[in-house]
C-alpha cells in the first residue's frame, strides 16, 4: 500500500456561495480521502486532504474546475506529512 500523503490546498476566486464545499466533500469522499473543507474569511476555500498522492492530485484537478457556478482564479498546494487525525471527509464551519 502506498504511503499516505497530505496536502493543504487554498482555492481563490468566486468559490463561496456556489456549492464549492459540497462539491469538494463529494469528490474527496468518492476518492477515499480524509480531511475537511471550509470557507475562509478572505473569500477563499481551505482544503486539507489526506490519502494516496494520486487521489489527492485527482481532487486538485477537480477543484481546479469546481462546480458550475464557481470561477477558480488560482490554487495553492503545500504537500505535508499526513496527520492521520481525520475520519472521513467533512465540511467545517
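Among the candidates 76, 50, which residue alone is assigned to a strand (DSSP E or B), buried (at least 17 other Cβ atoms within 10 Å of the Cβ) and at pLDDT 95 or above?
Details: 76 fails: buried (at least 17 other Cβ atoms within 10 Å of the Cβ).
50 is the lone residue from the list that is assigned to a strand (DSSP E or B), buried (at least 17 other Cβ atoms within 10 Å of the Cβ) and at pLDDT 95 or above.
Any residue that is assigned to a helix (DSSP H, G or I), in contact with a helix residue (DSSP H, G or I) (Cβ under 8 Å, 6 or more places away or on another chain), modelled with pLDDT of 95 or more and surrounded by 15 or more Cβ atoms within 10 Å (Cβ to Cβ) - is there at least one of those in the stretch 26-39? Break it down stepwise before answering.
So in the stretch 26-39, the residues assigned to a helix (DSSP H, G or I) come out as 26-30.
Within this subset, residues satisfying the condition of being in contact with a helix residue (DSSP H, G or I) (Cβ under 8 Å, 6 or more places away or on another chain) are 27-28.
This time we only want the ones that are modelled with pLDDT of 95 or more, so: 27-28.
Now narrow it down to the ones that are surrounded by 15 or more Cβ atoms within 10 Å (Cβ to Cβ): 27-28.
Checking the stretch 26-39: at least one residue is assigned to a helix (DSSP H, G or I), in contact with a helix residue (DSSP H, G or I) (Cβ under 8 Å, 6 or more places away or on another chain), modelled with pLDDT of 95 or more and surrounded by 15 or more Cβ atoms within 10 Å (Cβ to Cβ).
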Among (1) farther than 14 Å from residue 91 by Cβ; (2) within 9 Å of the chain's Cα centre (by Cα), the one test that residue 30 misses: (2)
Which condition number in (1) over 18 Å from residue 92 (Cα atoms); (2) touching a helix residue (DSSP H, G or I) at 6+ places or on another chain (Cβ under 8 Å); (3) surrounded by fewer than 16 Cβ atoms within 10 Å (Cβ to Cβ) is the one that residue 65 fails? (2)
Of the residues that make up the stretch 55-75, is at least one within 11 Å of the chain's Cα centre (by Cα) and in contact (Cβ under 8 Å) with a residue 60 or more places away in the chain? yes
(1) surrounded by fewer than 13 Cβ atoms within 10 Å (Cβ to Cβ); (2) assigned to a loop (DSSP other than H, G, I, E, B); (3) touching a helix residue (DSSP H, G or I) at 6+ places or on another chain (Cβ under 9 Å) all hold for residue 43 apart from (3)
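The values are calculated or read from the model by the stated rules, or taken from the named source; none is laboratory data. Since we're looking at a predicted model, the values are computed, not measured. Every residue, glycine as well, gets a Cβ built from its backbone with ideal geometry; the counts of neighbours run over all protein chains shown.
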